[in-house]
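Accompanying notes for the structure given below.
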Amino acid sequence: IDRAVDRSRLEDKLGFRIRMAERAIYKLFILNAGMTPVQYSLFALVADNEGMPQGILGEALNLDRASTMTVMDKIEKAGLVERRKSLEDRRRHAMYLTAKGRKEIVRIEKKVRQTDDQFKQQLGDVQLQELLRCLDLIRRD
């Protein structure tokens, strides 16, 4: 028997609403960019902070060490980044873009911007600024 799932208990929960909105963005993001938002975020951080240790880059996204390593492994396997021993601390790995990564960051950034714009266009300017303000209130680093 097919019947609709009753989500009424969840609908007034802020975390649920944020998660459902995030899932909608996530699906389109992967389809357009070819990687997850977290993979893109670490890839972009490497592009903008070459030579920085992977742990520090992960911390910038509130990722634990294991999660950071797993994501870095994936983007390294894709040939976009490479690990090198840090010059300051040989126990750490510094992250760098590969030649392929330098080309791909430009292409993927364009796709990410297009995806972001698709969602922003659903809101008016005032709504978008209010949403960003509210998210910043919740996030507070």
- line: To the nearest 10 degrees, the tilt of helix 37-48 (Cα long axis) against the first principal axis of the alpha carbons of the chain is 40
statement: Residues whose modelled amide H sits under 5 Å from the amide H of Arg92, counting only those 5 or more places away in sequence or on another chain, are Ser86
Farthest toward positive dipole pole in the range 23-141 [+1 Lys/Arg, -1 Asp/Glu at C-beta], among Gln54, Gln127, Gly79: Gly79
task: Rounded to the nearest 10 degrees, what's the angle between the helix 125-139 long axis and the longest principal axis of the chain, both from Cα atoms, 0 to 90?
output: 70
field: Selected from Glu130, Glu82, Glu59 as most flexible by GNM, with the chain as the system and alpha-carbon contacts under 10 Å
entry: Glu130
query: Dipole of the chain, Cα-centred, from +1 at each Lys and Arg C-beta and -1 at each Asp and Glu C-beta, to the nearest 20 debye?
result: 440
task: Would you pull out the residues with amide H under 5 Å of Met52's amide H, same chain only if 5 or more places away, H placed 1.01 Å from N?
output: Met95
- line: Scalar couplings 3J(HN,Hα) for the range 101-115 by Karplus 6.51 cos²θ - 1.76 cosθ + 1.60 (θ = phi - 60°), nearest whole Hz, x for Gly and Pro, are x, 5, 6, 5, 4, 5, 5, 5, 4, 4, 5, 5, 4, 5, 5
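Filter the cross-link list Lys77/Lys103; Lys85/Lys110; Lys27/Lys103; Lys27/Lys100; Lys27/Lys110; Lys74/Lys100 down to pairs whose alpha-carbon distance in this structure exceeds 20 Å. Provide the component values of the computation, followed by the final result.
Values: Lys77/Lys103 16 Å; Lys85/Lys110 31 Å; Lys27/Lys103 24 Å; Lys27/Lys100 25 Å; Lys27/Lys110 17 Å; Lys74/Lys100 14 Å.
In this structure, Lys85/Lys110; Lys27/Lys103; Lys27/Lys100 lie more than 20 Å apart at Cα.
Probe of 1.4 angstrom, ligands and nucleic acids ignored: what's the accessible area per residue over the chain, in square angstrom?
On the way: 10440 Å² over 141 residues.
Accessible surface, normalised per residue, equals 74 Å².
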query: What are the GluC sites (Glu not before Pro) within the range 8-58 that DSSP puts in a loop, where the Cβ has at most 12 other Cβ atoms within 10 Å?
result: none
task: Please determine, in degrees from 0 to 90 and to the nearest 10, the orientation of helix 14-33 with respect to the longest principal axis defined by the Cα atoms of the chain, where the helix direction is its Cα long axis.
output: 50
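Determine the share of the chain's accessible area contributed by carbon and sulfur atoms, expressed in whole percent, with a 1.4 angstrom probe.
Details: 5540 of 10440 Å².
Answer for the chain is 53 percent, counting heavy atoms of protein chains only.
Using the eigenvalues of the Cα gyration tensor, what equivalent ellipsoid semi-axes result for the range 54-110 when each is taken as the square root of five times the eigenvalue, whole Å, largest first? Provide the component values of the computation, followed by the final result.
Values: eigenvalues 79, 41, 19 Å².
Result for the range 54-110: semi-axes of 20, 14, 10 Å.
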task: Over the chain, calculate the relative contact order: mean separation of alpha carbon pairs under 8 Å at least 6 apart, over the residue count, as a percent.
output: 21
message: Report the rotationally averaged projected area of the range 7-141 based on its alpha-carbon convex hull, in square nanometres.
response: 9.9
statement: Note, the range 56-61: 3J(HN,Hα) by Karplus (6.51, -1.76, 1.60, θ = phi - 60°), whole Hz, Gly/Pro = x, goes 5, 5, x, 4, 5, 10
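The values are calculated or read from the model by the stated rules, or taken from the named source; none is laboratory data. From a predicted model like this one, the values you see are computed outputs, not experimental measurements. Quick reminder, even Gly has a Cβ in these numbers, built from the backbone with ideal geometry, and neighbours come from all protein chains shown. Note: areas computed on protein heavy atoms with side chains; ligands, DNA, RNA excluded. Shrake-Rupley method; radii C 1.70, N 1.55, O 1.52, S 1.80 Å.
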